[in-house]
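J.: A single structure is presented below for examination.
The values are calculated or read from the model by the stated rules, or taken from the named source; none is laboratory data. The model shown is predicted, which means the values in this text are computed figures rather than measured ones. Because the Cβ atoms are built from the backbone with ideal geometry, glycine has one as well, and the counts that use them run over all protein chains shown.
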Amino acid sequence: MSIKKDLPFNITDICQAFNIRVEDFAKLVQKSNTLNTEAVQDISVADAVPKFLKWFQDKVDHGRKSSQSLKLYQGYLNKFLSFMNDKYPGLTVMQLNENYVHEFLQLYEGRKKADALSPYTVNNVTAIFRSLITYCFKQRLISVDSSRDFEWEKTTTLPKYFSPEELDQLLKASLQLINGYRSYAILSFLAGSGARIGEALNMRISDVNFQEGFIFIPDGKGNKPRHIPLDPMVRDILLDYLNITGVKQITSSMAGYLFSKDYGEKRLRKITREAVEKMFRKLVLKLELNPEFTVHSLRHTFSVNCLRNGMPLHILQQILGHTDLKTTGIYTKLFPKDILEELNRYFPFQFGKLMLQTLDEEDDNEINS
């Protein structure tokens, strides 16, 4: 193959000097010219999101991603598509920036100012859009990887958590809502178990061993199953809630959702994350609590108080489902019964007494009314 171009040097001599064939040199030059003349690649957000979610679903199917993460990604990205189609139709992935995301979050979270958004929420969504952009770049759907332009929000060293008095207020106020028994059960469970909101809402009745006092979480973060202990007072609250909602006798074969919109034993419709967050924000606003509190703050409350009361870090690590290779937790795996014994020794802020106090006050109010 010949290269028809007048050059001040001999191509053949160069190829012989470097021991390469003229044909190979010609292919290299042609490939270089092709790369230099390629058009900038881009794709609309409307087209990219379905491709990305399908890729993510494939990862879940092969056990490489968590179904909980998929649901979180689907929730935010599908709502972002609706927001974008209304306000910015035709927006491309390479046009995406933090301004669009923050504007979307203000509407989605119902906040008037960007600084009212919790760093935890912003960082969650930042991670989602970083992943979307990185996927598009690796799939050669865009020419430039701008994922790092989405910066992380700075967070305080200590997560926001409830004091015993604030938690007491929250639980009492939840009983006054419509379907207050359900709200009370959900919040009590989150504060008394340390479970993530997604884990709790996906839980089936059969996942709870009421006799032994354990809960099985089959699909935790990172697609890792684990057992967590069930505090006796939280267990009684759940049993009362199930009884009120039509579950008179519990069997191990009950596959219905623990927290369900349905009455009875089938319980096919679970409570949505959005419904719980809306209920939670309503209570925080009514009680004039710290506006930075989120549903996840109940998990922080459990964690911080466990550590304050002396629970070993590796025990708490297993209950929360954290993975950290820098800790010794990986070498000290315990059976569920061992974890339950540790929880009974170190359970934070006397949760059972707090529950009893709340229930006693409710009974007094009924007697006096």
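Conditions tested, residue by residue: (1) among the hydroxyl-bearing types (S, T, Y); (2) assigned by TED's automatic domain parsing to the domain that holds R273; (3) more than 25 Å from the chain's Cα centre (by Cα); (4) modelled with pLDDT under 95.
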residue: I178; (1), (2), (3), (4): no, yes, yes, yes
residue: Y184; (1), (2), (3), (4): yes, yes, no, no
residue: L187; (1), (2), (3), (4): no, yes, no, no
residue: A191; (1), (2), (3), (4): no, yes, no, yes
residue: I197; (1), (2), (3), (4): no, yes, no, yes
residue: A200; (1), (2), (3), (4): no, yes, no, yes
residue: R204; (1), (2), (3), (4): no, yes, no, yes
residue: Q211; (1), (2), (3), (4): no, yes, yes, yes
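J.: Please go through segment 239-264 and pick out each residue that is farther than 14 Å from I215 by Cβ, among the hydroxyl-bearing types (S, T, Y) and in a loop (DSSP other than H, G, I, E, B).
T.: Once the filter is applied, which keeps residues that are farther than 14 Å from I215 by Cβ, among the hydroxyl-bearing types (S, T, Y) and in a loop (DSSP other than H, G, I, E, B), segment 239-264 yields T245, T251, S253, Y263.
J.: Tell me whether segment 149-164 contains one or more residues that are of a type in the set (A, V, I, L, M, F, W, C) and either touching a Pro at 6+ places or on another chain (Cβ under 7 Å) or assigned to a helix (DSSP H, G or I) (or both).
T.: Residues of segment 149-164 of a type in the set (A, V, I, L, M, F, W, C): 150, 152, 158, 162.
Pick out the ones that are also either touching a Pro at 6+ places or on another chain (Cβ under 7 Å) or assigned to a helix (DSSP H, G or I) (or both) and you get none.
No, there is no match, as no residue in segment 149-164 is of a type in the set (A, V, I, L, M, F, W, C) and either touching a Pro at 6+ places or on another chain (Cβ under 7 Å) or assigned to a helix (DSSP H, G or I) (or both).
J.: Across segment 186-210, what is the total count of residues that are part of a helix (DSSP H, G or I) and under 18 Å from S297 (Cβ atoms)?
T.: Pass one, segment 186-210, residues part of a helix (DSSP H, G or I): 186-193, 197-201, 205-207.
Subset that is under 18 Å from S297 (Cβ atoms): 186-193, 197-201.
Final tally of qualifying residues: 13.
J.: Kindly check whether there is at least one residue in segment 163-176 that is crowded, with 19+ Cβ neighbours inside 10 Å, hydroxyl-bearing (S, T, Y) and on the phi < 0 side of the Ramachandran plot.
T.: Yes, the conditions are met somewhere in segment 163-176.
J.: Restricting the search to segment 68-108, which residues are of a type in the set (D, E, K, R) and either under 18 Å from I197 (Cβ atoms) or not in a helix (DSSP H, G or I) (or both)? Step through it out loud before you land on a result.
T.: From segment 68-108, those of a type in the set (D, E, K, R) are 71, 79, 86-87, 98, 103; that's our starting set.
Listed by number, the residues that qualify are K71, K79.
J.: How about segment 213-235: which of its residues are in contact (Cβ under 8 Å) with a residue 24 or more places away in the chain and either in a helix (DSSP H, G or I) or surrounded by fewer than 14 Cβ atoms within 10 Å (Cβ to Cβ) (or both)?
T.: The first filter runs over segment 213-235 and keeps only residues in contact (Cβ under 8 Å) with a residue 24 or more places away in the chain, leaving 213-214, 217, 219-224, 226-235.
Scanning segment 213-235 gives K221, G222, N223, K224, P232, M233, V234, R235.
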